[in-house]
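Here the structure is laid out as structure tokens; the discussion comes afterwards.
The values are calculated or read from the model by the stated rules, or taken from the named source; none is laboratory data. Owing to the predicted nature of the structure, the values given are computational and were not obtained by experimental measurement. Cβ: placed from backbone, ideal geometry, glycine included. Neighbour counts: every protein chain shown. Accessible surface areas use protein heavy atoms only, side chains included; no ligands, DNA or RNA. Shrake-Rupley method; radii C 1.70, N 1.55, O 1.52, S 1.80 Å.
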Amino acid sequence: MPDKPSPAASAPARTAYLVLGMHRSGTSALANLLALAGADLPREVMPADAHNARGYFEPWRIAVFNDRRLAAAGTSWDDPFAGLAPDPADEAGWLDEARRLFRSEFGRKRRPLLKDPRVSVLAGLWRQVLAAEGLAVRALIPVRHPLAVAGSLASRDRFPPRKSVMLWCAYMLAAEAASRDLPRAFVDYDALLDDWRPQVAGAESQLGEPLPNLTPAAGRRIDAFLSAELRRNESGGDLAALGEAGEMAAGVLDWLRAAARGETPDPAALTRAAGWLADQQALYGDLVSPVSADRALARTALADAEGRAAWLERNLKETQAIVEGLVPLNEDLRRRIRSLETRLAASQAAVREAAGRLEALVATVE
């Protein structure tokens, strides 16, 4: 009689797909490609908006949590020194909250897909969460020219190019360092839009395994999703014109592009850029980080209110669709609809209030 397999041997392996990298650099496009190829999206994704009409594919509650955690350390997502900030004294409490959020968003899904650029600079916390959940981890990092990212941030946030390029350096250095001991793949974003199949084949080679469910039907859905429309900002301009920030970014970009080609480039450029960033923090961190943190608190309140309003609106529409087929209309369902309508109105009012506070704060800073 054959031995019964042990529970550990028979249980299916769980693997988290971690999308790291800079904001506006293709993380959303890569995340949806992974979702279409079999990775599991979170329960409540951030709604699309005018700046990303096809969606962000990230959990808005985790994004809001990350903003709060960065603020607790006196920094924010748009602080070039966020990745260098020390952990707050109550980090154990933040870790417990992060685990609860992760379980709420993903449950026991086999291939959870965690995408939020802030995770790049909070990798120490989120790597602990994934380890505590018993998940193997595969990291994917899109590579986009820093001046294209700067163009997108100028349009959305009115950031000057030097700040955006410093941010790009900080996030890409953090993403590389956080994934160094993991199976990982660097993916050229522009090449992905031109022809995603060879880029995915290269990523699968770097990861050492195929994507979980890249079927012909999934390929057709990816074809329909990826298009030139996602390339809104070209990488025109000269990095050298930005002085040391541009010089450091150029070295990091060369390293990342070589890694995306499957090469093993010399890490000297990364070491040099990381040292330069640390020097800048020593000189200017106490001036830059507090201002960034103050502005982030208003943005976080707005993001939270927007996310709650979008969730309530979806819930209301789903409920209305259900009850349309019920005759006569059940009074309990009527009460539920009225309750949702009331909560939606309150949430939309909170969005307007948070937006007003943010606008006032930005006006005082600028």
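Does segment 243-276 hold any residues that are polar (S, T, N, Q) and exposed (fewer than 12 other Cβ atoms within 10 Å of the Cβ), and which are they?
Thr264
Check Asp279, Asp294, Asp286 and return the single one that is open to solvent by 50 Å² or more (accessible area, probe 1.4 Å), at pLDDT 95 or above and not aromatic (Phe, Trp, Tyr). The unique qualifying residue is Asp279. Note on segment 36-64: residues that are in a helix (DSSP H, G or I), within 25 Å of Arg110 (Cβ to Cβ), at pLDDT below 95 and not aromatic (Phe, Trp, Tyr) total 3.
Within segment 114-172, restricting attention to residues that are free of Cβ contacts under 8 Å to residues at least 12 places away in the same chain and part of a helix (DSSP H, G or I), the residue that is surrounded by the fewest Cβ atoms within 10 Å (Cβ to Cβ) is Ala131.
Across segment 329-349, the qualifying residues are those that are at pLDDT below 80, aliphatic (A, V, I, L, M) and part of a helix (DSSP H, G or I), and the one among them that is surrounded by the fewest Cβ atoms within 10 Å (Cβ to Cβ) is Leu333. Evaluation of Ala89 against the conditions (1) closer than 21 Å to Arg43 by Cβ; (2) assigned to a loop (DSSP other than H, G, I, E, B) shows that the sole unmet condition is (1). Check segment 224-237 and report whether any residue there is at pLDDT 95 or above, among the hydrophobic types (A, V, I, L, M, F, W, C), over 20 Å from Ala136 (Cβ atoms) and surrounded by 13 or more Cβ atoms within 10 Å (Cβ to Cβ). Among the residues of segment 224-237, not one is at pLDDT 95 or above, among the hydrophobic types (A, V, I, L, M, F, W, C), over 20 Å from Ala136 (Cβ atoms) and surrounded by 13 or more Cβ atoms within 10 Å (Cβ to Cβ), which makes the answer no.
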